[in-house]
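Reading through the structure tokens given below for one structure.
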Amino acid sequence: MKKIIYTLIGLLTFSVSNAQELETLINEALTNNPEIQKFEFQYSIASEKVNEVNTIPNTEFGVGYFVSEPETRTGAQRFKVSAKQMLPWFGTIASRENYVSSLADAKYEDIVIAKRKLMASVSQSYYNLYSNKAKQEVLSENIKLLETYETLALTSVEVGKASVVDVLRLQMRQNEMQQIKDVLSQQFLAEQTNFNKLLSRKNDTAVSVVDSLMMPSEDFEFTSKNLALHPELLKFDKFYKSVEQSELLNQKESSPMIGFGLDYINVSERPDMSFLDNGKDIVMPMVSVSIPIFNKKYKSQTKQNKLQQQEITAQKQERLNTLETLLSKAINERISTRISYETQTKNLKQAKDAEDILIKSYETGTIDFNDVLDIQELQLKFQMNQIESIKGYYVQSTIINYLIQ
């Protein structure tokens, strides 16, 4: 589990303190998340059942009183006390323990799966918060830039080189950007609530995210062979093993049961006679055998176990196909985000070059504020896309880590 955390943290190319912060947040989520606690309790209950099945059938005691005392040679029988203990066939109790232990092992995988999913959810929510915050900062920068252009436009209006309409268009564009920023601010609060719930914290707890994320120079190495060891698949293997243990138990339970008992009969003395065994009590040890002659139940259980094993094999293959598809999609999506990032970087550089040309044009008095708005809109688009590409890269990396680490 720690290996997965360190791999996720290793993806982040910001300061050490921020990386440690995300690791701390993930550990906090793993400690406080109620779903994980639920699975841990279920595993503890399943493990405790081993003690429950480590038992033998109840000892039977019986007491009988002879209403009409039967006479025997040594005297009349007054009452009878009996005890009987049935014992399962050799190895039956051990088979029960093995079966219950195998179910507990399968239940443990639920904890591992839940932890992996939680780590991925926390990381993805963190990246969503970063993306939202970064977009708000970009919008703030562009609003300031438009304010600078507005000042230039007002100056141009005074000297008759620009129209008041140009100033109004610049102001309307600022209003639009402010609107987008306000909407993002509300979305940030909603995502912050989601993040805090993953950590089992109060909704309004402030979340501090990293100031900047960079596209890694190269992708981290991994092997798709690790997919076969994914806990979602290992759970099917353990279920398969539990069915094997169930069949072994079924075979043991179809065997006879052996019983040992003891009867004690109290005999009263005959008053009219005197002999050696007069009034001697009766003690009778007993051995019994319980044989399941009609064993159709056990044959049916054997058939059900075979069918269940085939079902588990099919389910595992189905899930493996799904995970392989998710892995392939995540890998291709991550490649696409890198391509998109590189393209947006080139476009952004060209947009800035165009912006510099416009600024120089102002010095000659030939600035066109329509071109200013067009370039600014393109620049904002490229910046937003660049942020989305970075976020997408880390989100897809989180999915890959969930599948193969």
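The values are calculated or read from the model by the stated rules, or taken from the named source; none is laboratory data. None of the values given here were measured: they were computed from a predicted structure. Neighbour counts run over all protein chains shown; Cβ positions are idealised from the backbone, glycine included.
Couple of notes before you dig in:
- The single residue among Ser156, Ser163 that is farther than 19 Å from Val138 by Cβ, in contact (Cβ under 8 Å) with a residue 24 or more places away in the chain and not β-branched (Val, Ile, Thr) turns out to be Ser156.
- Test: Val164 is under 30 Å from Ser44 (Cβ atoms), β-branched (Val, Ile, Thr) and out of contact with any Ser or Thr (no Cβ under 9 Å at 6 or more places or on another chain): no
- Within segment 165-202, being under 39 Å from the mean Cα position of the chain (by Cα), within 18 Å of Gln379 (Cβ to Cβ) and among the charged types (D, E, K, R) holds for one residue alone: Lys181.
- Filtered residues of segment 25-63 (kept if surrounded by 13 or more Cβ atoms within 10 Å (Cβ to Cβ) and either over 30 Å from Gln124 (Cβ atoms) or touching a Cys at 6+ places or on another chain (Cβ under 8 Å) (or both)): Ala46, Ser47, Lys49, Val50, Val53, Pro57
- Segment 189-221 - residue that is among the aliphatic types (A, V, I, L, M) and part of a loop (DSSP other than H, G, I, E, B) and, of those, surrounded by the fewest Cβ atoms within 10 Å (Cβ to Cβ): Ala206
- Every residue from segment 112-124 that is polar (S, T, N, Q) and either within 28 Å of Gln171 (Cβ to Cβ) or surrounded by fewer than 21 Cβ atoms within 10 Å (Cβ to Cβ) (or both): Ser121, Gln124
- Test: residue in segment 7-22 that is in a helix (DSSP H, G or I), in contact with a Lys or Arg (Cβ under 7 Å, 6 or more places away or on another chain), hydrophobic (A, V, I, L, M, F, W, C) and at pLDDT 50 or above: no
This table checks each residue for (1) more than 40 Å from the chain's Cα centre (by Cα); (2) surrounded by fewer than 19 Cβ atoms within 10 Å (Cβ to Cβ); (3) acidic (Asp, Glu).
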| site | (1), (2), (3) |
| --- | --- |
| Thr345 | no, yes, no |
| Asp353 | yes, yes, yes |
| Leu373 | yes, yes, no |
| Glu377 | yes, yes, yes |
| Tyr394 | no, no, no |
| Ile400 | no, no, no |
| Gln405 | no, no, no |
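- In this structure, Ser224 does not qualify as touching a helix residue (DSSP H, G or I) at 6+ places or on another chain (Cβ under 9 Å), buried (at least 19 other Cβ atoms within 10 Å of the Cβ) and of a type in the set (Gly, Ala, Ser).
- Exclusive hit being farther than 30 Å from Ile113 by Cα and modelled with pLDDT of 90 or more, set Glu388, Glu377, Glu355: Glu377
Listed here are the residues, each with its yes/no results for (1) in contact with a strand residue (DSSP E or B) (Cβ under 8 Å, 6 or more places away or on another chain); (2) of a type outside the set (Gly, Ala, Ser).
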{"residue": "Tyr240", "(1), (2)": "no, yes"}
{"residue": "Glu244", "(1), (2)": "no, yes"}
{"residue": "Gln251", "(1), (2)": "no, yes"}
{"residue": "Ser254", "(1), (2)": "no, no"}
{"residue": "Glu269", "(1), (2)": "yes, yes"}
{"residue": "Val287", "(1), (2)": "yes, yes"}
{"residue": "Lys299", "(1), (2)": "no, yes"}
{"residue": "Gln309", "(1), (2)": "no, yes"}
{"residue": "Leu327", "(1), (2)": "no, yes"}
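- Where Tyr43 falls short, out of the listed (1) closer than 30 Å to Leu403 by Cα; (2) in a loop (DSSP other than H, G, I, E, B): (2)
- Enumeration of residues in segment 46-89 that are under 45 Å from the mean Cα position of the chain (by Cα), without any contact (Cβ under 8 Å) to a residue 12 or more places away in the chain and either under 22 Å from Pro292 (Cα atoms) or not in a helix (DSSP H, G or I) (or both): Asn58
- Test result for Glu232, touching a helix residue (DSSP H, G or I) at 6+ places or on another chain (Cβ under 8 Å) and within 30 Å of Lys297 (Cα to Cα): no
- Residue match in segment 310-331 (condition: closer than 30 Å to Val159 by Cα, of a type outside the set (Ser, Thr, Tyr) and either in contact with an Asp or Glu (Cβ under 9 Å, 6 or more places away or on another chain) or touching a residue at least 24 places away in the same chain (Cβ under 8 Å) (or both)): no
- Here Lys280, Lys316, Lys329 are screened, and the one residue that is at pLDDT 90 or above, surrounded by 12 or more Cβ atoms within 10 Å (Cβ to Cβ) and farther than 30 Å from Ser242 by Cβ is Lys329.
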